[in-house]
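Take a look at the structure below.
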Amino acid sequence: MASAPIRVRFAPSPTGYLHVGGARTALYNWLFARHHGGTFILRIEDTDVERSTEESVRAILEGLTWLGLDWDEGPIRQAERMPLYRAAAERLLGEGRAYWCVCTPEELAARRKEALAAGHSPKYDGRCRDRGYAPGGRPAALRIRTAAEGETVVEDLVHGPVTFQHADLDDFILVRSDGLPTYNFAVVVDDAEMRITYVLRGDDHIPNTPRQIQVYRALALPLPRFAHIPLILGADRARLSKRHGATSVMAYREMGYLPEALVNYLARLGWSYGDQEIFSREELVRHFTLEKVGNTAAVFDQGKLDWLNAHYLRVADPTRLADLLREQWVQAGVPAAAVEGTEPAWRAAVVVAFRERAKTLWELADSSRFLFDVPVPVDPEAAAKHLTPEAVALLGELLPRLEALPAFTTPALEACYRGFVEEKGIKLGVVAQATRVALTGRTVSPPLFEIMALLGRERGLARLRALVPGVRGEPSARKRRG
């Protein structure tokens, strides 16, 4: 008999942004589905009406789209599926597999406190289990009748067999007193109705699994196979959180990371294929299997992500990066009008010149912002070292030659400078570094003559003239004053 088609799902709760842990879970589900030619389903678990927001739904969809994790079905919203949960609850109640509990939250809290004080488990004591309550004038929650004896063994595809004793479980709530289903109930109904064959999720869900299996068995539903992926930790080995830095997928976009770099990094954060570090999306789909997912927590390494992003910056299409760079320049303080006033070919040339020294688009934008008419801060130490009176005087002698160049191109500029220093019998670095500091405010940049060509005749000469005593404005203005 042929096995059932692979069907997996990513089911976030819309109570915040898409964080990197959730993105990795989505990625592993997506890769698993694509590797097996299966179906990847997006489900929005929004039954928590107080915390779920449309803004969070949009953030999740935006994050998945940016990463290129396209879904085959969905987004399916739990809030629109209440009749399914009610029907399942009525069936369990009618078959005697569930019962109404009228214990108040205050009573339950007091009993838990007493149990803990006596050294017992704080689980529900089953007080309403056999009393036959029916919904009446007071709030009631629906609880499942769990097996009191025996054990449940979860054949986890990452961790191996995990055994749970039924004595440690309690009659947990399926439907709250407000009529809303609990997570452990709704997820089973949904997964069964959607014909989910594999459940791939974080291993913080392991304690939920035996409870969900109780629901599967009570409803006589086939079990999916489970694979629980270890969590992502910070460098201090604590669970990754905001205090470790950015955890939102879209925050990495804003910082200038490329989606292919983050996908590559997240795929390798807990999964391996030999010693290979860099994977195309096609390679990830071809090689991804659950057998290669590790069973220990992975540590988020910002340096490795930076290294990968730098690699993808170097090999990406300059035209595509130039388009992405427009937003980054504006964030770096360049007026939007100045950015939009440049030609696509010029922006692509900037990418080619600057990307070898950048780890992110933000670094590329920040290091190249001096190409625009924005205040260029000059490093005081660089100015004191390289903009000496002697160097400035030499630039004053060089200016007329630069002004006379018929073309402000890299070869022409280099020939002009080399001819000048040869006549003067000085080293190229004397005027080259002075020029670099005058134009960029820094001592380090891409090759000087490429930078001068990108800056252009008008901007470049204006910045050099501003340094030379007695020289202001265009050459024609100087002649009139003379």
Taking Arg201, is it touching a strand residue (DSSP E or B) at 6+ places or on another chain (Cβ under 8 Å), in a strand (DSSP E or B) and under 25 Å from Leu31 (Cα atoms)? yes
Return the pairs, sorted by first residue and then second, in which the second residue is among the hydroxyl-bearing types (Ser, Thr, Tyr) and not in a helix (DSSP H, G or I), the first residue lies in segment 431-451 and is more than 10 Å from Asp379 (Cβ to Cβ), the beta carbons are less than 7 Å apart, and the residues are 6+ apart or on different chains. Gln433/Thr443; Arg436/Thr443; Arg436/Ser445; Ile451/Ser445
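Which count do you get for residues in segment 195-228 that are hydroxyl-bearing (Ser, Thr, Tyr) and closer than 15 Å to Thr152 by Cα?
2
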Given the criteria touching an Asp or Glu at 6+ places or on another chain (Cβ under 8 Å) and at pLDDT 95 or above, does Arg143 qualify? yes
Kindly indicate whether any position in segment 186-196 is modelled with pLDDT under 95 and not in a loop (DSSP other than H, G, I, E, B). no
Filtering segment 310-342 down to residues that are loosely packed, with under 13 Cβ neighbours inside 10 Å and either among the aromatic types (Phe, Trp, Tyr) or in a loop (DSSP other than H, G, I, E, B) (or both) yields Asp317, Gly333, Gly341
Checked Pro446, Pro469 against criteria (modelled with pLDDT under 95 and touching a Phe, Trp or Tyr at 6+ places or on another chain (Cβ under 9 Å)); the one match is Pro446
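Does Ile173 fit the bill of being in contact with a helix residue (DSSP H, G or I) (Cβ under 7 Å, 6 or more places away or on another chain) and at pLDDT 90 or above? Explain how you work it out, then say what you get.
Details: in contact with a helix residue (DSSP H, G or I) (Cβ under 7 Å, 6 or more places away or on another chain): no; at pLDDT 90 or above: yes.
The answer is no for Ile173.
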Can you confirm whether Ala261 is small (Gly, Ala, Ser) and in a helix (DSSP H, G or I)? yes
For segment 343-384: of the residues being in a helix (DSSP H, G or I) and among the β-branched types (Val, Ile, Thr), which is farthest from Leu308 (Cα to Cα)? Val350
Out of (1) hydroxyl-bearing (Ser, Thr, Tyr); (2) closer than 25 Å to Phe288 by Cβ; (3) within 17 Å of the chain's Cα centre (by Cα), the odd one out for Ser56 is which? (2)
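The values are calculated or read from the model by the stated rules, or taken from the named source; none is laboratory data. Values in this document were obtained by computation on a predicted structure and should not be read as measured data. Please note: Cβ atoms are built from the backbone with ideal geometry, for glycine as well, and neighbour counts cover all protein chains shown.
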